[in-house]
Amino acid sequence: MKWITNILLAITLLGLDWNIANAADEHRYISIRNTDSMWTQGVCSLAFRLDNGGAGEFSNLSITLQLRDKAGNALSEGILIVPPFGDSDATRSVDAATEFSCETVENASAIAITQAVEQRGNNTLVKLPLSTFDPQRYQPLKIVLSDNP
C-alpha cells in the first residue's frame, strides 16, 4: 500500500512540476522591434531588438520573418537567429539581425512573424505561440542640422 501512495505522490509532483513549467511558459513575453535597416555588401540587413520585459528566460530562438507588400502578399521569407537572453536584468534584451535582398526590403511595407521555435537545453525544439510576441512600432527621432548651439 505504501508503494502505491509513493507512486501517486510522485505522479502528483511530476504533474505539478509540468503545470508550473507550462504556467511559466505562458507568462513569457518578447517585445520585438525593427530598429534599423542597412545596406551591407549587396544585401540589406534588418536589425531587431528583443526584450523579455524582465519576465522569463529564452534559449536559442529561430524566428521566421516574412516581408509583405502593402496588399499583404509575401515578398520574401527569412530566419532571425536569436541567442539566449533574459536570464537576468542585465540580459533582458538582445539585438539580432537577418538579411534580405535590398529590392525586397524597399518594396516591403510590413514584417510578419509567422513562426518561432525555441531550442531548449536538451536540444528539444519547441514551437512558441505567436502570442508570445508583442511587436512594437519603432520610429526614431528625426535628426536635423542646426547652426544654433
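The values are calculated or read from the model by the stated rules, or taken from the named source; none is laboratory data. Predicted model, so just to flag it, every value in this text is computed and none were measured. So basically every Cβ, Gly included, is an ideal-geometry build from the backbone, and we count neighbours across all protein chains shown.
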The number of residues in the range 44-64 that are at pLDDT 95 or above, among the aliphatic types (A, V, I, L, M) and either assigned to a loop (DSSP other than H, G, I, E, B) or more than 12 Å from the chain's Cα centre (by Cα) (or both) is 2
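Being within 18 Å of Asp134 (Cα to Cα) and of a type in the set (Asp, Glu) is true for just one of Asp51, Asp87. Which residue is that?
Numbers: Asp87 fails: within 18 Å of Asp134 (Cα to Cα).
Among Asp51, Asp87, only Asp51 is within 18 Å of Asp134 (Cα to Cα) and of a type in the set (Asp, Glu).
Matching residues to (1) farther than 22 Å from Lys70 by Cβ; (2) among the hydroxyl-bearing types (Ser, Thr, Tyr); (3) in a loop (DSSP other than H, G, I, E, B); (4) within 15 Å of the chain's Cα centre (by Cα):
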{"site": "Ala96", "(1), (2), (3), (4)": "yes, no, no, yes"}
{"site": "Glu99", "(1), (2), (3), (4)": "yes, no, no, no"}
{"site": "Gln115", "(1), (2), (3), (4)": "yes, no, no, yes"}
{"site": "Asn123", "(1), (2), (3), (4)": "yes, no, yes, no"}
{"site": "Val126", "(1), (2), (3), (4)": "yes, no, no, yes"}
{"site": "Asp134", "(1), (2), (3), (4)": "yes, no, no, yes"}
{"site": "Ile143", "(1), (2), (3), (4)": "yes, no, yes, no"}
{"site": "Asp147", "(1), (2), (3), (4)": "yes, no, yes, no"}
Is it the case that Thr104 is closer than 14 Å to Phe48 by Cα, of a type outside the set (A, V, I, L, M) and either touching a residue at least 24 places away in the same chain (Cβ under 8 Å) or not in a helix (DSSP H, G or I) (or both)?
no
Set Leu80, Leu75: member being of a type in the set (A, V, I, L, M), surrounded by 13 or more Cβ atoms within 10 Å (Cβ to Cβ) and more than 12 Å from the chain's Cα centre (by Cα)
Leu75
So which residues in the range 101-113 are under 22 Å from the mean Cα position of the chain (by Cα), exposed (fewer than 14 other Cβ atoms within 10 Å of the Cβ) and not hydroxyl-bearing (Ser, Thr, Tyr)?
Ala110
Return the pairs, sorted by first residue and then second, in which the second residue is loosely packed, with under 14 Cβ neighbours inside 10 Å and basic (Lys, Arg), the first residue lies in the range 110-125 and is in contact (Cβ under 8 Å) with a residue 12 or more places away in the chain, the beta carbons are less than 9 Å apart, and the residues are 6+ apart or on different chains.
Ala110/Lys70; Gln115/Lys127; Ala116/Lys127; Val117/Lys127; Glu118/Lys127
Here is a list of conditions, (1) within 22 Å of Asn73 (Cβ to Cβ); (2) touching a residue at least 12 places away in the same chain (Cβ under 8 Å), and Gln136 meets all of them except one; can you say which number that is?
(1)
